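Contents: one structure, followed by commentary.
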Amino acid sequence: MRLALSVVFSSVAGYFLGAESIDLLTVIMLSIGGYCLVGASNAYNQILEKDLDVLMKRTSNRPVPSGRMSVNTAFIIASALTVTGLVILYLINPRTAMFGAISIFLYVCVYTPLKTKTPLSVFVGAFPGAIPFMLGWVAATGNFGIEPG
């Protein structure tokens, strides 16, 4: 929950910095869409790291590693959250959805597998970590430029 809220906060902060005027509906959609993508990322992460998570006290009680949720159920939830989040972000504008898709792809398909293989994963992880701010900026302006980059 804390990670998800910090991502949503970063997105909204990016929106407020980029917006000339505040559209409350866009802020709400950005928050919900971003929250969905964080939830999807967490679910995919649990699927990919279930065997490692069960070995660590901090992560062993997560739903997938603890066996409270099957991998199939987690995948269905993750997929539904991905589609829902991207559709909501697309309704703001297509570029916002594109950055949301890039973020989830980098986190799930690049950063997560690299975590156990190289310390360079921290560098890779910085990109999806920075994207929430960019999501907010692009949601406010419809453009990507030097400011959010």
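The values are calculated or read from the model by the stated rules, or taken from the named source; none is laboratory data. Bear in mind the structure is a predicted one, so any value in this text is a computation, not a measurement. FYI the Cβ positions are ideal-geometry reconstructions off the backbone, even for glycines, and counts take in every protein chain you see. Each accessible area value is taken on the protein alone, full model and side chains, heavy atoms only, with ligands, DNA and RNA left out. Shrake-Rupley method; radii C 1.70, N 1.55, O 1.52, S 1.80 Å.
Before moving on, here are some points about what is shown:
- Considering residues of the range 98-114 that are in contact (Cβ under 8 Å) with a residue 12 or more places away in the chain and over 25 Å from Thr141 (Cβ atoms) only, the residue nearest to the chain's Cα centre (by Cα): Val108
- Positions within the range 49-69 being open to solvent by 100 Å² or more (accessible area, probe 1.4 Å) and among the aliphatic types (A, V, I, L, M), in sequence order: Leu55
- Residue within the range 81-97 that is at pLDDT 85 or above, open to solvent by less than 70 Å² (accessible area, probe 1.4 Å) and farther than 30 Å from Asn143 by Cβ present: no
- In the range 28-53, the residues that are basic (Lys, Arg) reach residues that are open to solvent by less than 30 Å² (accessible area, probe 1.4 Å) with C-beta atoms within less than 9 angstrom, at least six apart or across chains, in these pairs: Lys50/Val64; Lys50/Pro65; Lys50/Ala74.
Matching residues to (1) among the hydrophobic types (A, V, I, L, M, F, W, C); (2) farther than 16 Å from Ala97 by Cβ:
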position: Glu20; (1), (2): no, yes
position: Leu30; (1), (2): yes, no
position: Ala43; (1), (2): yes, yes
position: Met56; (1), (2): yes, yes
position: Val64; (1), (2): yes, yes
position: Gly67; (1), (2): no, yes
position: Thr73; (1), (2): no, yes
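- Residues satisfying the stated conditions in the range 15-46, i.e. open to solvent by 20 Å² or more (accessible area, probe 1.4 Å), farther than 18 Å from Cys109 by Cα and aromatic (Phe, Trp, Tyr): Phe16, Tyr35
- Residue match in the range 46-63 (condition: under 18 Å from Val7 (Cβ atoms), under 17 Å from the mean Cα position of the chain (by Cα) and in a helix (DSSP H, G or I)): yes
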